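Below: one structure, written as structure tokens.
The values are calculated or read from the model by the stated rules, or taken from the named source; none is laboratory data. Only a predicted model underlies this, so the values are computations on that prediction, with no experimental measurement involved. Please note: Cβ atoms are built from the backbone with ideal geometry, for glycine as well, and neighbour counts cover all protein chains shown. Note: areas computed on protein heavy atoms with side chains; ligands, DNA, RNA excluded. Shrake-Rupley method; radii C 1.70, N 1.55, O 1.52, S 1.80 Å.
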Amino acid sequence: MAKVTLFSWGPGDDLVVTSGQIPQGVSETASPDERRRAVSRGADLSWIRLNLPWSLWKNRNFVQAPLQMFYSEAQNVWSQSISRALSVGMNDANLDARRMLLADEINEYKELYCTLLTRMVENVENLQEGDAALAKDMLSRLYRGHQAWHLAHIIIKHLSPRPANMNADLPFDLVHWMQEHNPSDLFQGGSSQPFLTDGASYRANDDWWRALFHFVMHVYIDQAVEMLSLIGRDGPFAHQCGEDGVEMVEVMLSLLVGGGEGGEVSLFELENMVDNNVAIDSYWRVWTTRKEWTYLDKLVQRGASPICQKMATMVKIMKGSEDEISAHAYSWLQIVVTRMLFGRSETVLGVADLASYADDALTVHGQFVRKPEDEESVIKDLLRLDMQGAVQHFFTDLKDWWSSAHLADVLYRGKYLPFSQLFASNMRTYAICNYIDILMSSNNMWQVAMAYVKGVVESDAMVDESTSVEARERWRVRRQEMLHLAHLIISRQHIDSDIKCRHLLQCCPEYVRDIHGSHLWDDSELIVKTASEIQCAWGLRLYARGHEAASLYWLARAESKLVATLASQSLHSFVQGVDDSLYRMQPILQYVEETRGEDIPSEVQLIRTYSRMRELMATVSDLSLKDRQSLRSAKNPSGATLVQAGREAAKLLLELLDESRGGETRRAAPRSLSLPPSSSGLTRMQALQDVESSFKADRRKRSEAERMRMESIRLALARGLSVSLQQEASAQ
């Protein structure tokens with residue numbers, strides 16, 4: 001199986017990460033239909049289009065490290081948001097409470113996106129010479145994603161309920177969004193002359209006035225005031241405006257920054273009110289009805305200087321004239337935001353008006369024509385409230401499955417996707433599954449991927465008896481999809497220690513629990529036992545390394561059928577003295593103690609009994625030695641203790657022999673039981689007596705195999721007794 005890793009892949013840009021296999025026989029020039037057919041011939045795979053060459057992805061500082069940190073940080077935000085949503089409740093009765101949480105979550109994503117861009121820009125200089133253009137394209141798409149998340153935050157904030165003490169103004173929020181993503185220096189760098197000389201006369205400098213209009217549309221008050229001051233009463237170009245022109249400038253400055261006779265509100269003060277969480281509806285009406293507007297109209301009508309026509313245009317823009325705004329805006333986006341700000345009248349315009357204005361602006365500028373990989377497509381969808389389109393274009397145009405998955409999740413929890421909750425949940429699962437595929441392709445991201453699997457299942461729509469059959473079936477399918485991903489994530493991980501194995505087991509679907517402590521998947525859903533596969537794989541790896549006891553421990557936990565075979569081999573080597581180290585048996589004995597002897601394979605029980613018997617026989621030998629020493633020193637021997645220990649050892653020996661299975665492989669008794677060489681003849685004699693008594697007490701008719709087994713036991717004990725007596729005689 002080919003191992004595909006997102007951060008060590010090349011060349012080419014097509015990855016299959018769901019199964020970790022690269023399909024054969026699919027050329028780079030194959031059509032999408034041919035690719036889909038090739039995928040369907042193999043398995044249920046998902047294609048991930050990176051559209052980035054290997055030379056760019058292999059750069060750790062520019063791509064790998066920033067993206068890995070971004071994915072991890074975003075997962076923390078997402079997990080906390082899911083927990084809050086679950087604590088509120090996923091049913092429709094708590095919809096408003098859930099929606100109130102979404103704006104802050106989106107804002108955190110936007111800040112993380114900004115941090116990602118900062119980290120990547122810091123290392124862009126370290127790229128190879130030929131990668132500069134590719135890096136620029138990547139950063140451009142990422143910046144569009146950051147811009148889109150900022151806009152999504154604004155729209156969701158105004159679609160969702162807000163606390164009573166929180167005021168928000170959609171037009172000014174859009175203005176601030178445009179200010180952040182279209183800096184003021186974008187309109188600077190042209191001529192600083194408001195008028196151009198034409199012989200003895202003056203004419204307006206169109207470039208200068210166009211920049212002034214843009215500053216006003218973006219509410220860059222400081223820059224607009226600075227430009228107007230050049231033609232104001234004390235400005236260096238005042239003489240070119242005439243008296244009426246200078247008066248118009250002074251009135252316009254009053255509307256922008258204040259200074260009127262009654263101290264009326266200005267556009268600058270309105271913006272400050274919004275920043276200070278003050279509702280400006282009534283103040284906006286005061287500003288639009290100031291008498292300076294009427295006076296300004298009169299000055300424009302009677303003026304004859306070149307400034308009059310330009311000031312008349314500025315007045316129309318600030319009064320929300322659609323024609324003037326469309327004629328002087330540099331983009332369709334500026335048209336939308338400027339109309340939202342200056343087109344308001346008695347009431348503040350809302351998101352429905354925003355969608356209408358966006359449709360109008362896109363129609364005027366011919367932007368409704370679909371262009372491949374349009375970087376503004378997500379912005380267009382969000383402004384038009386086409387949430388489904390925004391989710392889709394995040395991955396088709398911006399190549400950003402992370403944003404597609406998280407936006408679909410936010411819209412799902414807020415029920416902002418169209419059609420039905422079933423459609424929303426299916427779309428959300430589809431996007432998150434593809435994002436999980438990307439996470440799975442990095443060895444460092446498997447825990448992040450598993451967190452998404454868990455969160456998606458936890459927060460999926462609950463089904464009840466009133467839900468349609470189709471919805472319940474799709475709910476079960478989504479759970480199975482996530483269960484499959486969970487199994488795939490865990491089973492792909494490399495295990496190199498017991499600690500890693502135990503850590504993986506905690507994440508297995510069999511053991512994962514929800515916030516209420518219940519199992520995330522029922523036993524009926526767990527067709528594949530991930531934990532058993534993990535333990536079997538690690539157990540077999542340990543056996544290959546020669547760690548038989550540890551291997552038996554993990555295989556027994558996995559309830560593997562190999563336990564009996566491997567345990568028999570290990571026990572045979574152990575009894576025959578091939579390996580006389582008891583400590584190597586400790587892992588399997590520890591497992592026996594943990595399970596308290598329940599459902600233990602017979603071979604494993606045999607190892608336990610044999611180990612106990614050996615330990616007890618060592619104690620008997622020690623007591624026998626002390627007994628002989630006490631006789632030499634004329635002290636009272638501890639004969640009763642010795643006999644009691646000997647009897648207990650004999651019973652264990654009998655239990656050991658009884659636990660062994662009859663059959664062709666075990667009919668022949670060993671030449672001598674592997675007891676400690678210092679065992680006394682008394683102990684072996686007592687064992688033989690207990691064996692004889694046990695067989696005589698059992699009066700049932702025995703089979704041929706049982707009779708042969710009895711004779712084997714007698715022969716083994718007799719041989720052991722003979723050896724022991726000879727050793728003791730020699731010692732004396």
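Tabulated values for the structure
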item: All positions within the stretch 271-330 that are farther than 28 Å from residue 361 by Cα and basic (Lys, Arg); result: 290, 291, 298, 302
item: Among the candidates 207, 198, 185, 131, residue that is more than 30 Å from residue 410 (Cβ to Cβ), open to solvent by less than 20 Å² (accessible area, probe 1.4 Å) and modelled with pLDDT under 90; result: 131
item: Number of the condition not met by residue 296 [criteria: (1) out of contact with any helix residue (DSSP H, G or I) (no Cβ under 7 Å at 6 or more places or on another chain); (2) of a type in the set (A, V, I, L, M); (3) touching a residue at least 24 places away in the same chain (Cβ under 8 Å)]; result: (1)
item: Selection count where residues are without any contact (Cβ under 8 Å) to a residue 60 or more places away in the chain, of a type outside the set (D, E, K, R) and closer than 20 Å to residue 484 by Cα, scope the stretch 396-445; result: 10
item: Residue within the stretch 368-378 that is under 24 Å from residue 138 (Cα atoms), at pLDDT 85 or above and part of a loop (DSSP other than H, G, I, E, B) present; result: yes
item: Residue among 298, 316 that alone is open to solvent by 20 Å² or more (accessible area, probe 1.4 Å), in a helix (DSSP H, G or I), at pLDDT 90 or above and out of contact with any Phe, Trp or Tyr (no Cβ under 6 Å at 6 or more places or on another chain); result: 316
item: Candidates 234, 244, 173 - the one that is modelled with pLDDT of 80 or more and in a loop (DSSP other than H, G, I, E, B); result: 234
item: Neighbours by Cβ (under 6 Å, 6+ apart or cross-chain): first from the stretch 209-222, in a helix (DSSP H, G or I); second open to solvent by 10 Å² or more (accessible area, probe 1.4 Å); result: 209/310; 211/187; 211/190; 212/227; 213/328; 214/187; 215/223; 221/268
item: In the stretch 109-139, the residues that are in contact (Cβ under 8 Å) with a residue 24 or more places away in the chain, more than 24 Å from residue 397 (Cβ to Cβ) and part of a helix (DSSP H, G or I); result: 126, 130
item: Flag for residue 104 being surrounded by fewer than 16 Cβ atoms within 10 Å (Cβ to Cβ) and in contact with a Pro (Cβ under 7 Å, 6 or more places away or on another chain); result: no
item: Total residues in the stretch 502-534, condition under 30 Å from residue 547 (Cα atoms) and under 21 Å from the mean Cα position of the chain (by Cα); result: 11
item: Yes/no for residue 90 being farther than 29 Å from residue 120 by Cα, in contact (Cβ under 8 Å) with a residue 60 or more places away in the chain, not acidic (Asp, Glu) and not in a helix (DSSP H, G or I); result: yes
item: Set 282, 321: member being over 20 Å from residue 258 (Cα atoms), open to solvent by 30 Å² or more (accessible area, probe 1.4 Å), over 43 Å from the mean Cα position of the chain (by Cα) and of a type in the set (S, T, N, Q); result: 321
item: Matching residues, the stretch 143-159, being of a type outside the set (S, T, N, Q) and in contact (Cβ under 8 Å) with a residue 60 or more places away in the chain; result: 144, 145, 148, 149, 151, 152, 155, 156, 158, 159
item: Residue 165 modelled with pLDDT of 80 or more and farther than 25 Å from residue 410 by Cβ; result: no
item: Filter result for residue 515 (in contact (Cβ under 8 Å) with a residue 40 or more places away in the chain, buried (at least 17 other Cβ atoms within 10 Å of the Cβ), of a type in the set (A, V, I, L, M, F, W, C) and in a loop (DSSP other than H, G, I, E, B)); result: no
item: Some residue of the stretch 420-441 being within 30 Å of residue 545 (Cα to Cα) and under 12 Å from the mean Cα position of the chain (by Cα); result: yes
item: Condition check for residue 87: assigned by the TED database to the domain that holds residue 435 and open to solvent by 70 Å² or more (accessible area, probe 1.4 Å); result: yes
item: Residue in the stretch 386-395 that is without any contact (Cβ under 8 Å) to a residue 12 or more places away in the chain and closer than 28 Å to residue 335 by Cα present; result: yes
item: From the options 193, 179, residue that is open to solvent by 30 Å² or more (accessible area, probe 1.4 Å), modelled with pLDDT of 90 or more and either among the polar types (S, T, N, Q) or not in a helix (DSSP H, G or I) (or both); result: 179
item: Hits in the stretch 274-295 (condition: assigned to a loop (DSSP other than H, G, I, E, B) and either touching a Gly at 6+ places or on another chain (Cβ under 8 Å) or over 23 Å from residue 340 (Cβ atoms) (or both)); result: 290
